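Here the structure is laid out as structure tokens; the discussion comes afterwards.
The values are calculated or read from the model by the stated rules, or taken from the named source; none is laboratory data. Because the structure is predicted, anything quoted here is derived from the model rather than measured. Cβ placement follows ideal geometry from the backbone for every residue including glycine, while neighbour counts extend to all protein chains displayed.
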Amino acid sequence: MAGRASTGGARGTTRAAAGSGRPSSGASRSGASRSRGSTSGRKPSTSRRPAPAKKSPDLIDKGIDAVGRGVVKLGKSAGKAAGRTREIDPAHRRDGLGVGFIVLAVIAAAGIWWGAGGPVGRGFSAAVGAVFGTPGVLLPLLLVVVGIVLMTTEAHPESRPRVAVGTLLMVLGVLGLVHLFSGSPTEPGLWSGAGGGLGYLAGTPLASGLSPFVAVPVLVLLTGYGFLVLTGTPVRELPNRTRRLLGKPVAGDEDIDEESDERHDDEAAADPVDEEAPPARLRRPSRRRQSAADAYAYADDEADTPAPMPEPAAEEPPPPPPRAPRKPVRVIEPVSEPDNPPTGEQMSLAIREPLGETEYKLPPPDMLPGGPVPKTRSSANDAMIEAITGVLEQFNIDAQVTGFTRGPTVTRYEIELGPAVKVEKITQLTRNIAYAVATDNVRLLAPIPGKSAVGIEVPNTDREMVRLGDVLRSANARNEQHPMVIGLGKDIEGHFLCANLAKMPHLLVAGSTGSGKSSFVNSMLVSLLSRATPEEVRMILIDPKMVELTPYEGIPHLITPIITQPKKAASALTWLVEEMEQRYQDMQANKVRHVDDFNRKVRSGEITAPLGSERVYRPYPYILCIVDELADLMMTAPRDVEDAVVRITQKARAAGIHLVLATQRPSVDVVTGLIKTNVPSRLAFATSSLTDSRVILDQPGAEKLIGMGDGLYLPMGAGKPVRMQGAYVSDEEISDVVQFSKDQAEPTYLEGVTAQKASEKKEVDADIGDDLDLLVQATELIVTSQFGSTSMLQRKLRVGFAKAGRLMDLLETRGVVGPSEGSKARDVLIKPDELENVIWLMRGGGGPGPEDEFEE
């Protein structure tokens, strides 16, 4: 019993010591008490002595764990560093690949030529001899050439399949010939002295099956065909290529030279893009060829250096590469490369000469400077691709990012879905994608118009500015000779956008404060001043804000001084209606359908005044009326303004009269149904709500825009809007162009545009009835006190509650006060300085207004 107790005590003490790693006084006392009365009471002390030695396995385990954790952390760090190499500039990656080839060439030369490469060099030399045979001695030189080419030339992803196929055919042909002329050895040990393993595979089957006499010409033809594929030369172009190498002229080159000379004479040799290649040879690469583009081949370097002129023999597009199971992400290049000259030189504005005999000169092109060369890819795009791909993988959606198109403000990433994947699965992930890319302005296109792909538009973190000078110097603007062409900006694919106001024929522009609406109006006016003479285009500018269009005061294109009073604006719109009717009468009398036909016949002398008439027919200029804030006009004179706007938009297109209506409050009481129906072209900048977007575009989208010129352009007849970045023109550029126009000519104002005749006096509205005097008193009381209360009208005017409520309703319909808010006082919408105009309109708007009486 005593022995068992002693043993148990020792075991308990040992377990306690081993479990804690340090002596435990409690455990020792327990063991000692259990071993009392035993003859072997000191045995437990001897069993406790080895306990501290059992600490070593724990320390070893901890050390192993620490080493393991360190190795894991090192591996993760190396993996992250390898992943971050994708953020390196592609030019540096291409240079690194070239340096790698040169290093490999040095190792190969050391082992093959001098046998001084050590074990690595000797092994490399043996491998090259076994694969390539005797011609392997040239491998170091070829590696050096490849490395130099990679570092000194640009990437052309579309030519990689052609180069690979051509090189393989040439290598097989040459090695097969060397193998046959070396005696066709069959022992593997003798291949290094002949054509190597590749030569054996290429030459021996042909020699065995067809005899060497037939195998040699077959391999020669194979080598020649590989050379033609490598250089991109079709067989039918061999004679022309040979003549060019010998310096002899080729048929067709003289025509190209003559066309180039004529173009240089016409444009003063200012277009470097046209010098390189005629426009007829510009072709857009097909989607299949673009899909072979490397995932990390940026186009920044291609924008800095002009692309070499393609040989005429390379007109045939290379065969499309086979579709891979996982397509790399590609950069979709813009279609029209001449729009943006890569060398940064400015092209001259190709504006047609004025039609009339006048000395008016258009502003020179150097008044509108260009912007920086746009980027086509950056490291931010790679990060977005990874984020979108991660969201798709997290939700187990069979889809992948196959390409993207970078614009100045946003980038559109294209996602192609796998089989049996619904488009709704992508659209349901809008918020998840916005969370992954850390922005809330994500817009989805499902699908992209004209493509079997879903588009995700994400704002650029490094957005670019679009200058109006670049837009007006683009090919789209130079090809349009109409004086009413304006520069809009650049779309999401990098193409410059221009629009002909005569074809719109009217435009509605809307957007919240700071969205870019005023910048667009400035760009439009500067475009017209840069392209049109006063004989071609005349303008009426309506600026109720009084400050937006002030820089354009005094330009020779104006029909009347800039209008700031809503009453005069309504009179000017009425004058436009009369001018439209007069033009239609002349067109009807001379049996023409459009003002352009009428002007052409007037210039040719086909239309003349009848005998006895003193009238002299002159060409009608285009008339453009710009209303910078439609809401102010609709607030003060809604009926007159709406009636005139509707009549002009319905009929004035053929008469050469066009309207541009801009507003920052696109509500249904400002942009009415009649106005929307007759204004087919819309331009929406960033709005504050989905409702405003639906009012402008009849569809959502404008509420997702990011402001500062980011807009959606919906031309007449289009089903979906085009996302664009509006062109920017600085105040200094506006001042220079306006001053140049003022120096050319003085404005010729027409009388009676803003005046209203006494015979045009209108009767008081029927809903006012006999309460005109009370209504005028109520208006004066509310506007002067800026407090809209029905109870105040009861006390001040001494009328009952019903009469005061009716007066308040009449004031609400005329925009004096806002809607009712319960027991609170109504908001007063009219300022004291506008009181006289409001009362004048209430009295019928007849005769001269208060401003006219003051002027008299």
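All conditions but one from (1) modelled with pLDDT of 90 or more; (2) farther than 25 Å from residue 631 by Cα apply to residue 769; the one that does not is (1).
If the condition is being of a type in the set (Phe, Trp, Tyr) and closer than 29 Å to residue 725 by Cα, then region 391-410 contributes only 404.
Residue count for region 146-175 under the criterion of being surrounded by 19 or more Cβ atoms within 10 Å (Cβ to Cβ) and hydroxyl-bearing (Ser, Thr, Tyr): the result is 0. Tallying residues that are assigned to a loop (DSSP other than H, G, I, E, B) and among the polar types (S, T, N, Q) within region 653-677 yields 3. When region 492-530 is filtered for residues that are of a type in the set (Val, Ile, Thr) and closer than 26 Å to residue 653 by Cβ, the ones remaining, listed by number, are 509, 521, 526. Which one is farthest from residue 633 (Cα to Cα), of the residues in region 498-547 that are surrounded by fewer than 23 Cβ atoms within 10 Å (Cβ to Cβ) and of a type in the set (Val, Ile, Thr)? Per the stated criteria, the residue is 537. Among the residues making up region 678-696, those that are of a type in the set (Gly, Ala, Ser), assigned to a loop (DSSP other than H, G, I, E, B) and touching a residue at least 24 places away in the same chain (Cβ under 8 Å) are 686, 688. With respect to residue 640, is the statement that it is buried (at least 23 other Cβ atoms within 10 Å of the Cβ) and either modelled with pLDDT of 90 or more or part of a helix (DSSP H, G or I) (or both) true? In short, no.
The combined condition, being without any contact (Cβ under 8 Å) to a residue 40 or more places away in the chain and either touching a strand residue (DSSP E or B) at 6+ places or on another chain (Cβ under 7 Å) or not hydroxyl-bearing (Ser, Thr, Tyr) (or both), is not fulfilled by residue 489. Working only within region 781-808, note down all residues that are part of a helix (DSSP H, G or I), out of contact with any strand residue (DSSP E or B) (no Cβ under 9 Å at 6 or more places or on another chain) and of a type in the set (A, V, I, L, M, F, W, C). Within region 781-808, 781, 792, 793, 797, 801, 802, 804, 807 qualify.
For residue 646, the requirement of being part of a loop (DSSP other than H, G, I, E, B) and surrounded by fewer than 23 Cβ atoms within 10 Å (Cβ to Cβ) is not met. For region 654-683, the tally of residues that are modelled with pLDDT of 90 or more and among the basic types (Lys, Arg) stands at 1.
Of all residues in region 713-746, exactly one satisfies the criterion of being assigned to a loop (DSSP other than H, G, I, E, B), crowded, with 22+ Cβ neighbours inside 10 Å and out of contact with any Lys or Arg (no Cβ under 7 Å at 6 or more places or on another chain), namely 729. Here residue 335 passes the criteria (1) modelled with pLDDT under 75; (2) surrounded by 15 or more Cβ atoms within 10 Å (Cβ to Cβ) except the one numbered (2).
Looking only at region 809-843, residues that are in contact with a strand residue (DSSP E or B) (Cβ under 9 Å, 6 or more places away or on another chain) and of a type in the set (Ser, Thr, Tyr) come to 1 in all.
Of all residues in region 133-170, those satisfying the criterion of being free of Cβ contacts under 8 Å to residues at least 40 places away in the same chain and hydrophobic (A, V, I, L, M, F, W, C) are 137, 138, 139, 141, 142, 145, 164.
In this structure, does residue 178 turn out to be in the same structural domain as residue 231 (by TED's automatic domain parsing) and buried (at least 16 other Cβ atoms within 10 Å of the Cβ)? Answer is yes for this residue. Taking every residue in region 578-597 that is in the same structural domain as residue 484 (by TED's automatic domain parsing) and pairing it with any residue that is at pLDDT below 90 and of a type in the set (Phe, Trp, Tyr), at least 6 positions away or on another chain, the pairs with Cβ-Cβ distances below 9 Å are 586/617; 590/617. Filtering region 370-428 to residues that are outside any strand (DSSP E or B), closer than 22 Å to residue 462 by Cα and of a type in the set (Lys, Arg) leaves 375, 377.
Counting the residues of region 454-471 that are of a type outside the set (D, E, K, R) and under 18 Å from residue 387 (Cβ atoms) gives 7.
If you go through region 452-469 and keep only what is under 21 Å from residue 408 (Cβ atoms) and either modelled with pLDDT under 85 or touching a Pro at 6+ places or on another chain (Cβ under 9 Å) (or both), you end up with 455, 460, 461, 462, 463, 464, 465, 466, 467, 469. Picking from residues in region 196-243 that are of a type in the set (Ser, Thr, Tyr) and in contact (Cβ under 8 Å) with a residue 12 or more places away in the chain, the one that is farthest from residue 183 (Cα to Cα) is 233. State all residues of region 600-633 that are under 40 Å from the mean Cα position of the chain (by Cα) and in contact (Cβ under 8 Å) with a residue 60 or more places away in the chain; if no residue qualifies, say none. Passing the criteria: 621, 622, 623, 624, 625, 626, 627, 628, 629, 632, 633.
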